[in-house]
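The values are calculated or read from the model by the stated rules, or taken from the named source; none is laboratory data. These numbers were taken from a predicted model, which means no experiment stands behind them. Don't worry about glycine lacking a Cβ; one is built from the backbone with ideal geometry, like all the others, and counts go over all protein chains shown.
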Amino acid sequence: MFDLHCHSLFSDGELLPAELLRRVGVMGYEAVAITDHADSSNMDFILPRLIRVAGDLNVHSSCRLIPGIEITHVPPPLIPELVKRARELGAQIVVVHGETPVEPVAPGTNRMAIEAGADILAHPGLISEEEVRLAAEKGIFLELSGRKGHSLTNGHVARLARRFGAPLIINSDAHAPGDFMSAEQAFLVGRGAGLSEEEVREIYRRARERFLHAT
C-alpha cells in the first residue's frame, strides 16, 4: 500500500512529517509522498525541508517518505516553470492540483499540467477526452481521489482513462489522521469508480513501477 498525495503542516495538513510517516507505517504502507501545496511564494521553503526530513527518517522507517510538491491554484501559464523549478529543487513527485468540481480552479489547469509534464494530475474533475488522450501519450497519471468532493468525478476520470489508456493512481489527498485509507478503502475507491478488481491491481502495479522503483 502506498499513497502519493498527502499534506503535512508545511501547507494545510495537521501533522509533522515524522508523525505522518509513523501513522501510515503502522497501517502497513510501504511508501508515502508528502506533496504540500505550493506556488512561487513557498516552494523553495517546503522542498528543502521535506528532502531533509526524508533523509533523516527513511534511515529508521520501513515506510519510505518521498518528498514532493502539489502546485496549487496558480494561473495555468505559470505551471510549466513551476514544474521545472520543483524538479530543480529536488521534488521526486510533482503533482498539480487539477480542476476539481468543488474548488474554483482556473480553466486550462488540467491541460497545462499535462503539457508541462507533471507526474500526477490530482482530482482532474470533468477532464476532457482530448486531455485524457494527451495524458495517455505523455504518461501522466490521473488521480482517483479518496477525498470528499474531489471524488465526485472519479467515475468520469476512470471511464475516459480506460478508453484512452491513460495511467491512473488512487490517492487519499490526506490532510488529517482520519483521512488515510487502508488498502481495502483504497481498493473500494477504484471499484466504486467502475473499475474491475484486476484493473485496480493494475493501477498499483503500474504506479509502483513508475514511482517507487524510480526513487
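Yes/no matrix, rows are residues, columns are (1) surrounded by fewer than 19 Cβ atoms within 10 Å (Cβ to Cβ); (2) at pLDDT below 95; (3) at positive phi; (4) assigned to a loop (DSSP other than H, G, I, E, B):
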{"site": "ARG22", "(1), (2), (3), (4)": "yes, no, no, no"}
{"site": "GLY28", "(1), (2), (3), (4)": "yes, no, yes, yes"}
{"site": "ALA33", "(1), (2), (3), (4)": "no, no, no, no"}
{"site": "HIS37", "(1), (2), (3), (4)": "no, no, no, no"}
{"site": "ARG52", "(1), (2), (3), (4)": "yes, no, no, no"}
{"site": "PRO67", "(1), (2), (3), (4)": "no, no, no, no"}
{"site": "GLU70", "(1), (2), (3), (4)": "no, no, no, no"}
{"site": "VAL83", "(1), (2), (3), (4)": "no, no, no, no"}
{"site": "THR100", "(1), (2), (3), (4)": "no, no, no, yes"}
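Taken over region 141-163, the criterion of being more than 17 Å from the chain's Cα centre (by Cα) and closer than 18 Å to ARG205 by Cβ is satisfied by ARG162 alone.
Per the listing ALA136, ALA106, ALA166, ALA118, the residue uniquely at pLDDT 95 or above, of a type in the set (A, V, I, L, M), outside any helix (DSSP H, G or I) and more than 16 Å from the chain's Cα centre (by Cα) is ALA106.
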